[in-house]
1. How far is it, in nm, from the label point at residue 44 to the one at residue 90 when both lie 7 Å from their Cα along the line to the Cβ?
2. Expressed as a whole percentage, what fraction of the accessible surface of the range 1-53 belongs to carbon and sulfur atoms when a 1.4 Å probe is rolled over the protein heavy atoms?
3. Starting from the Cα gyration tensor of the chain, take the square roots of the eigenvalues, sort them a ≥ b ≥ c, and report rounded, prolate or oblate (rounded when a/c is under 1.5, otherwise prolate if a/b is larger than b/c, else oblate).
4. Just by accessible area at a 1.4 angstrom probe, what is the order of 51, 117 from largest to smallest?
5. Using the Cα centre as the reference, give the magnitude of the dipole from point charges on the C-beta atoms of the chain (Lys, Arg: +1; Asp, Glu: -1; all else neutral), rounded to the nearest 20 debye.
6. Roll a 1.4 Å probe over the protein chains and send me the accessible area per residue for the chain in Å².
7. What residues have an amide H closer than 5 Å to that of residue 37, excluding those fewer than 5 places away on the same chain, when H is modeled at 1.01 Å from N in the peptide plane?
8. Please give, to one decimal in nm, the separation of the simple spin-label points placed at residue 35 and residue 8, each 7 Å out from Cα toward the Cβ.
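The values are calculated or read from the model by the stated rules, or taken from the named source; none is laboratory data. Computed from a predicted model, the values in this text were never measured in an experiment. Here the Cβ is made from the backbone with ideal geometry for all residues, glycine too, and neighbour counts use every protein chain on show. For accessibility, only protein heavy atoms count, side chains too; no ligands or nucleic acids. Shrake-Rupley method; radii C 1.70, N 1.55, O 1.52, S 1.80 Å.
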Amino acid sequence: ASDIAEVQFYCHTSNHNRVIHFSVNNDWVKTAILTGGLLGNSVTYWNSGTTKLPGHTAYLPDATDATYPNEWSVGTPTFPGDFPFYHGATAIYYWSIKGNGGNNWNCDDDVAGQFDTLHQIWIKLEE
């Protein structure tokens with residue numbers, strides 16, 4: 001992970017007009033993107049220290065108040081698919097790629113695959 005400068009996240013959905021577009025450069029995210037593991041995930045990796053990129057209009061990642069794995073995790077969640085960051089209070093917003101066994105494709109919402117989504121993750125290498 002030491003050769004990764006930052007990881008960029010992007011998604012949009014036909015469900016609404018909000019767009020998730022941000023980058024993060026913390027060591028946990030850089031390692032998780034390579035290993036696929038979510039152990040050690042923390043809310044602070046997502047709701048602070050991120051850089052919003054052009055077009056970002058979503059609630060996430062700043063609204064993140066929960067992460068997987070947690071006490072509700074089923075099986076072994078993997079990164080970046082199984083809800084690595086989300087807001088789970090009164091209004092629920094997820095980032096999910098095939099989460100929960102492949103049924104949830106969420107982009108700043110909670111509609112369980114009812115709409116089209118486009119998710120992209122980019123890795124920028126150190127120079």
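1. It works out to 2.8 nm between the two label points.
2. Carbon and sulfur: 48 percent of the exposed surface of the range 1-53.
3. oblate
4. Output order, biggest surface exposure first: 51, 117.
5. Dipole magnitude for the chain comes out near 140 debye.
6. Per-residue accessible area for the chain comes out at 51 Å².
7. 79
8. Result for the modelled spin labels: 2.6 nm.
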